[in-house]
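Encoded as structure tokens, the structure appears first; notes follow it.
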Amino acid sequence: MSASKSIQIILARQLASCVAMPILLVDAAGTLIFYNEPAEAILNQRFEETGEIPVEEWNRLVAVTDEERHPIPPENWPMRVARLQRRPISRRIWLRRGGSEWRHLQVTAVPLVGEGEEMLGVMNIFWEI
Amino acid sequence: MEVSLWGTRGSLATPGPETARYGGNTSCVSVRGCEGTVLVLDAGTGIRRMATTIDASARCVNVLLTHLHMDHIQGLGFFAPLYCPDVDVHIWGPASTQLSLRARLMRYLSPPLFPVSLRELPCCLHLHEVPCGDVEIGEFRVTSALVCHPGPTVGYRICDTAGSVLTYLPDHEPALGARAFPSLPRAWTSGGVLAEASDLLIHDSQYTTHEYPGHVGWGHSSLRHMLDFGTLVESKHLVPFHHDPGHSDLDLDRLIAEAIDDAKPAYRVTPGREGMTFAL
């Protein structure tokens, strides 16, 4: 059998596909496994074109700063904190991909924890400020 | 393996002359291996009659529950091996995030809903919580995975030593929330990998395309969704199952024929009828 996404992740993608808030889903390894159409506008790229993005590539693709424009290292990005510390986190950041314009965002990252305390991934909800 | 259908009805037992051909008993399927292992898939009302076919010398029986909705466990209290002191009965089923499988089963198998409590059963009872990865049961390798249906619900993929594969997804709504179905690959579709390239796929087919919009989120498929799912997973032989209590034999003849004519699946489709047996 090939590898399957868990039902929780499948349903999270279905939800993300039906809402107007930008949502990024990462799996337990940190791979960006899906982002919805509103998130495509923020990232200035289409999911159909990129497919899944491994964590190392994602770290290179985007730059993140705090409100004072101080760079935030990847280990302190909300999606990383939520995944590794298994707790929700919400903070304001500036984000840009490559040479595109900076976007001012409120990011809320919520860990998706399955039965048996299994870490399944993180749902990252972006809100443009 | 030999796969027999003992209950094909969904939601509620539906006896009567108008349902006699497809059957009125709720979900129960037996799987027998060439080395004598017996798996019982779900414990709907069909399980009572199924139990009469278990060899009296059998000392071990495995019951694999997909979930604990009433139509899938109502027959459990009438499963004869539970009352045999010298029989090991293994029940596999999903826990919830808050309750163990034992606690969940006891909600039914205890007064006032049932006179005999789980702890009073004379058999040697073993409970196993799923999904739990791949497990070997006799000559079968059984894989379980959570699928889209309200509450913790799994589907089962059963492989025998000859490589034949049965997938059992009696209550399944893979199209939930999808703008178009199917539009994503198997890995992103509920049950998609579990069912891939099955020799026999027993799948939920409760609603017509017309009925489905009024029941979105209830956890079941339309006939068309089922047929499209069969195409997605490259099923070799599909058995529509979990028939709606409101559909008579004549209704099912017509509705299934129309759905097949519309979808024109490239694989074989055999509507599930109580009493049917498939040899894989």
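The values are calculated or read from the model by the stated rules, or taken from the named source; none is laboratory data. All values reported here derive from a predicted model rather than from experimental measurement. In this analysis, Cβ positions are derived from the backbone assuming ideal geometry, glycine residues included, and neighbour counts consider all displayed protein chains. Surface accessibility is based on the protein's heavy atoms, side chains included, excluding ligands, DNA and RNA. Shrake-Rupley method; radii C 1.70, N 1.55, O 1.52, S 1.80 Å.
Ignoring ligands, DNA and RNA, what percent of the 1.4 Å accessible area of chain B is carbon and sulfur? Don't jump to the answer; show the numbers that get you there.
Details: 5990 of 10940 Å².
That share works out to 55 percent.
Using alpha carbon centroids, what distance separates region B:71-131 and region A:104-125, in Å?
About 35 Å separates the Cα centre of region B:71-131 from the one of region A:104-125.
Thinking of chain B as a set of Cα atoms, what percent of all their pairs are more than 27 Å apart?
Details: 13187 of 39060 pairs.
Value for chain B (Cα pairs over 27 Å): 34 percent.
In region A:1-49, which residues become less accessible by 40 Å² or more once every protein chain is in place, relative to the chain on its own, using a 1.4 Å probe?
A:Met1, A:Ser2, A:Lys5, A:Ile7, A:Ile10, A:Arg13, A:Gln14
Quick one: angle between helix B:223-232 and the longest Cα principal axis of chain B, in degrees between 0 and 90, rounded to 10, please.
90 degrees
Return the Cα extents of region A:19-129 along principal axes one, two and three, sorted largest first, each rounded to a whole Å.
Sorted from largest, the Cα extents of region A:19-129 read 42, 32, 27 Å.
Could you name every residue in region A:89-129 that has 50 Å² or more less accessible surface in the full protein assembly than in its own chain alone (probe 1.4 Å, ligands and nucleic acids excluded)?
So the qualifying set is A:Glu115.
Which residue, A:Gly114, A:Gly99, A:Gly51, tops the fluctuation ranking in a GNM of chain A built on C-alpha contacts under 10 Å?
For chain A, modelled as a Gaussian network with Cα springs under 10 Å, the answer is A:Gly99.
Provide the buried accessible surface between chains A and B in square angstrom, both chains summed, 1.4 Å probe, rounded to the nearest 100. Write out the running numbers ahead of the final one.
On the way: alone 7190 and 11770 Å², together 17280 Å².
When A and B are taken together, about 1700 Å² of accessible area is lost.
Which FRET efficiency, nearest 0.05, do B:Ala80 and A:Met119 yield, Cβ-Cβ r, R0 51 Å?
0.75
Could you work out [θ]222 nm for chain B from helices alone, using -39500 (n - 2.57) per DSSP H run of at least four and dividing by all its residues? Round to the nearest 500 deg cm²/dmol. Write out the running numbers ahead of the final one.
Numbers: 5 runs with 40 residues, N = 280.
Mean residue ellipticity, 222 nm, calculated: -4000 deg cm²/dmol.
Excluding B:Ala20 itself, what net charge comes from residues whose Cβ is under 15 Å from its Cβ, given Lys and Arg +1 and Asp and Glu -1? Numbers along the way, then the final one.
Details: positive: B:Arg9, B:Arg21, B:Arg49, B:Arg273; negative: B:Glu18, B:Asp249, B:Asp251, B:Asp253, B:Glu274.
In short, -1.
Starting from the 7 Å offset along Cα-to-Cβ, what nm value, one decimal, do you get for the label separation of B:Asp261 and B:Thr52?
With each label point 7 Å from Cα toward Cβ, the separation is 3.8 nm.
Can you give the Rg to Rh ratio of region A:1-81, both from alpha-carbon atoms, with Rh computed by the Kirkwood formula? List each step's numbers first, then the result.
Values: Rg = 13.5 Å, Rh = 13.8 Å.
So for region A:1-81, dividing Rg by the Kirkwood Rh gives 0.98.
Can you find, among B:Val135, A:Ala41, B:Leu250, the residue sitting farthest towards the positive end of the charge dipole of the protein assembly as shown, where Lys and Arg contribute +1 and Asp and Glu -1 at Cβ?
Towards the positive end, the residue furthest out is A:Ala41.
With a bin width of 20 angstrom, please list the P(r) values of the protein assembly as shown as percents of all Cα-Cα pairs, from the 0 bin to the one holding the largest distance.
26, 49, 22, 3
Which parts of region B:166-184, residue by residue, lose 10 Å² or more of accessible area when the rest of the protein chains are there, as against the chain isolated (1.4 Å probe)?
Residues passing the criterion (a loss of at least 10 Å², heavy atoms only) are B:Leu176, B:Gly177, B:Ala178, B:Arg179, B:Leu184.
Along the Cα→Cβ direction, 7 angstrom out, place labels at B:Thr97 and B:Ala187. What is the inter-label distance in nm?
In this crude spin-label approximation the distance works out to 2.6 nm.
How many angstrom separate the Cα center of region B:178-207 from the Cα center of region A:1-32?
Between the Cα centre of region B:178-207 and that of region A:1-32, the gap is 17 Å.
How large a share of the accessible area of region A:7-128, in percent, is made up of carbon and sulfur atoms when the probe is 1.4 Å and the other protein chains stay in place?
Details: 2990 of 5830 Å².
Of all accessible area on region A:7-128, carbon and sulfur atoms account for 51 percent.
How large is the accessible surface per residue of the protein assembly as shown, computed with a 1.4 Å probe and reported in Å² as a whole number?
Details: 17280 Å² over 409 residues.
With all protein chains present, the protein assembly as shown gives 42 Å² per residue.
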